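Below you'll find the structure, written out as structure tokens, and then a few comments.
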């Protein structure tokens, strides 16, 4: 505590009113206090003086500025006292970036970058030191405060004290001072991809790799000193760690000391040292109380630890010669992993990592396994998918006539095989996969044959791997449709000699067969024509009869006036969906009245009457317990209406989202899941014309008087323009939505990518509906207790990974946890972004019934809410 002259005068004035004895006592106390204050000031003055003297040699004063000038380093950078570090502009891309470089010619090293994700600035930009910190003025006159992520140079410390000076220290730390020469900001607090000797990586801080060796913007990998005390390396936006420093105690910070030791500080237990000779390991040396002696730096050796562009944490040594020469040696003295292919997430599913030499430099390349192609040829790290339809055990042809096996030496991946068989030679291992309809790849290692299903996770290849992979691929076909390996029949001499006679016989038989087929075709065409004419006349004759008398016909044709009268002028609207409004109506019959639902189609494709009738005739041929039956239609000009059976208990959405009744109990919801699954299976595989629903959601699943779930609106997607389907089938109840809402709703991701649409798009929608039925909530809910619960599929995946599935059904009683786990696993397989990973509906039902094993599903790629 310090007093000024005014404080002393007050003390003296107050003492003049005391008695002599009290004055003497007060004087003694004052003398002791002054002596203590002087001793304190004397003790701290050397430190303050040292701090000021240290900064004088390379002190940067207010108003100093820099501009990009690669020909004059003193103008484009501020140097440290030793000249080893420079703060300022350096070339990047087609412009310049601001950062700190370790000057070790000929290859200077960037150790810190400001605003690393901003675009490069032009050569006419300037950087100026002001009282508010460092300001970057662009060519257009815009001023940008130098920032690092979400933090700026104007931190809470600067907000209370203005900047008076700056310095580039010999440690590689760029600092700002206030008027008392206390540091109010330093670059060491905001690391990018590097820490230097004397720098710490504290809890909740992270190193993020650069995009490339020449682009220092944020890359794909992160090394985090987590709040739970673990040092962990992740792929950004990934779901698991690919490397972690294994310790038995909680750590508080990662430090790189001046002697080149990387230490995990877990005060007060001590320091755990990384062993430079053991990648990814820790030595057993422990110094008590966390104390360690740092030798004096002779400025000939500098250490840095960097998370490189491939995600590997490495320790480097820069050796500067004592003679002052500008040349120096750079070497990597420790590495967390042996090579970039050990980073498991460096390549996506169904691809493998390989290190290749390009221009005398080692480069990482992601390659597809045989039988797979890139998801995105311009971004090969995103993985691969099968270049043919995987039919599993459903094909009628023998596997050897459809597939062959291709080999890949020195490869491995990290899946768990579904079967391991001891086999003595590689050929038998390859043949066993070819005969197994569930097998798509095998790995032969040490006389063991391991069989796998896709996806194959995080593969790699190099000469040190002894295992060999075999992959089942589709055979190319000859022009005559036979596989290339179809055996050739031997030619006999008799056949060659009688070639002319055989040719005449073949021609005669062929012409006779053609004539006979033409005769049969003519008779058949005439018969079909007479049958259709008779049927059409019969329909016209009975068009005015009641619907109850027309059950023998496929569909009933109604006039608009009849349906307008049946619905009382379309008075009672019972629903509104993607394709139009639905009204309740009553048709009068000879013996009784029949309640029906009349849908007025809106925004339909403008096509002819014959084409429209052909489409709804296809729909009318579908008859299944879990499909809403189409009873009739009306076409009058532009007015098109459909007549369905009436579903008295509303939609599935009303049951699971709005009402809590006996019919939404656990057993009832399980039964509803099977109802929907069987309906989709009929559309995909069992009806005469395979139908892709394209709009499956709870609003399109209706309940009849027995609470049986029936799918509606199937087959109508062909009658609606493509832009209407995409803009109308999002997450809401029939309302229009943006493409982003569609992605967060029930439509599969391939809709917005303009990719090939198959039955797998319905599988994705079914997976979302399944999870909604199980959890009794919508796919997206805003009013939830935690942000993790907003997106249902994300919440379910996290609960499954954590073994906390009971959170999904907290309000339910008598829940069968085995059935719950089975349904959750099936739902997560169905909502995979890659269509090849989603099962067919037949396998979905087998897995739901428990007759087929369900492998652990990978975490689905989660949609964004922005």
Inset, instruction - For residue 776, indicate whether it is over 21 Å from residue 664 (Cα atoms), assigned by TED's automatic domain parsing to the domain that holds residue 667, surrounded by 14 or more Cβ atoms within 10 Å (Cβ to Cβ) and in contact (Cβ under 8 Å) with a residue 24 or more places away in the chain. - result: no
Inset, instruction - Would you check which residues across region 368-379 are free of Cβ contacts under 8 Å to residues at least 60 places away in the same chain and part of a loop (DSSP other than H, G, I, E, B) and list them? - result: 376, 377, 378, 379
Legend entry - Total residues in region 385-420, condition modelled with pLDDT under 85, surrounded by fewer than 16 Cβ atoms within 10 Å (Cβ to Cβ) and out of contact with any helix residue (DSSP H, G or I) (no Cβ under 7 Å at 6 or more places or on another chain): 11
Inset, instruction - Scan region 424-445 for residues that are closer than 30 Å to residue 363 by Cα and out of contact with any helix residue (DSSP H, G or I) (no Cβ under 6 Å at 6 or more places or on another chain) and report the count. - result: 4
Inset, instruction - State whether the residues of region 535-543 include one that is at pLDDT below 90, farther than 25 Å from residue 716 by Cα, outside any helix (DSSP H, G or I) and over 58 Å from the mean Cα position of the chain (by Cα). - result: yes
Inset, instruction - Please enumerate the residues belonging to region 338-367 that are in contact (Cβ under 8 Å) with a residue 24 or more places away in the chain and assigned to a strand (DSSP E or B). - result: 351, 352, 353, 354, 355, 364
Inset, instruction - Considering only region 122-138, state which residues are over 16 Å from residue 91 (Cα atoms) and assigned to a loop (DSSP other than H, G, I, E, B). - result: 131, 132
Inset, instruction - Tell me which residues, restricted to region 572-593, are in a strand (DSSP E or B), surrounded by fewer than 18 Cβ atoms within 10 Å (Cβ to Cβ) and more than 40 Å from the chain's Cα centre (by Cα). - result: 573, 586, 588, 593
Legend entry - Residues being part of a strand (DSSP E or B) and more than 19 Å from residue 309 (Cβ to Cβ) - total across region 211-231: 2
Inset, instruction - Check off (1) surrounded by fewer than 19 Cβ atoms within 10 Å (Cβ to Cβ); (2) closer than 30 Å to residue 817 by Cβ; (3) modelled with pLDDT under 90 for residue 708 and give me the number that stays unchecked. - result: (3)
Inset, instruction - May I ask you to list the residues in region 177-210 that are assigned to a strand (DSSP E or B) and closer than 25 Å to residue 92 by Cα? - result: 186, 194, 195, 196, 206, 207, 208, 209, 210
Inset, instruction - Return yes or no: is residue 382 in contact (Cβ under 8 Å) with a residue 40 or more places away in the chain and surrounded by 13 or more Cβ atoms within 10 Å (Cβ to Cβ)? - result: no
Inset, instruction - Go through region 810-852 and count every residue that is surrounded by fewer than 18 Cβ atoms within 10 Å (Cβ to Cβ), touching a residue at least 60 places away in the same chain (Cβ under 8 Å) and not in a helix (DSSP H, G or I). - result: 5
Inset, instruction - Take the residues in region 132-161 that are more than 23 Å from residue 117 (Cα to Cα) and touching a strand residue (DSSP E or B) at 6+ places or on another chain (Cβ under 8 Å), then tell me which one is modelled with the lowest pLDDT. - result: 157
Legend entry - Hits in region 378-389 - residues which are on the phi < 0 side of the Ramachandran plot and within 18 Å of the chain's Cα centre (by Cα): 378, 379, 380, 381, 382, 384, 385
Inset, instruction - Considering only region 176-190, state which residues are over 16 Å from residue 110 (Cβ atoms) and buried (at least 20 other Cβ atoms within 10 Å of the Cβ). - result: 176, 177, 184, 185
Inset, instruction - Search region 798-809 for residues being in a helix (DSSP H, G or I) and more than 22 Å from residue 665 (Cα to Cα), and hand back the single one that is farthest from the chain's Cα centre (by Cα). - result: 802
Inset, instruction - Confirm whether residue 769 is modelled with pLDDT of 90 or more, surrounded by 18 or more Cβ atoms within 10 Å (Cβ to Cβ), more than 23 Å from residue 620 (Cα to Cα) and assigned by TED's automatic domain parsing to the domain that holds residue 831. - result: yes
Inset, instruction - Please verify whether region 421-435 includes one or more residues that are loosely packed, with under 15 Cβ neighbours inside 10 Å and under 17 Å from residue 351 (Cβ atoms). - result: no
Inset, instruction - Return only the number of the condition from (1) more than 20 Å from residue 79 (Cα to Cα); (2) modelled with pLDDT of 85 or more that residue 164 does not satisfy. - result: (1)
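The values are calculated or read from the model by the stated rules, or taken from the named source; none is laboratory data. All values derive from a computational prediction rather than experimental measurement. Because the Cβ atoms are built from the backbone with ideal geometry, glycine has one as well, and the counts that use them run over all protein chains shown.
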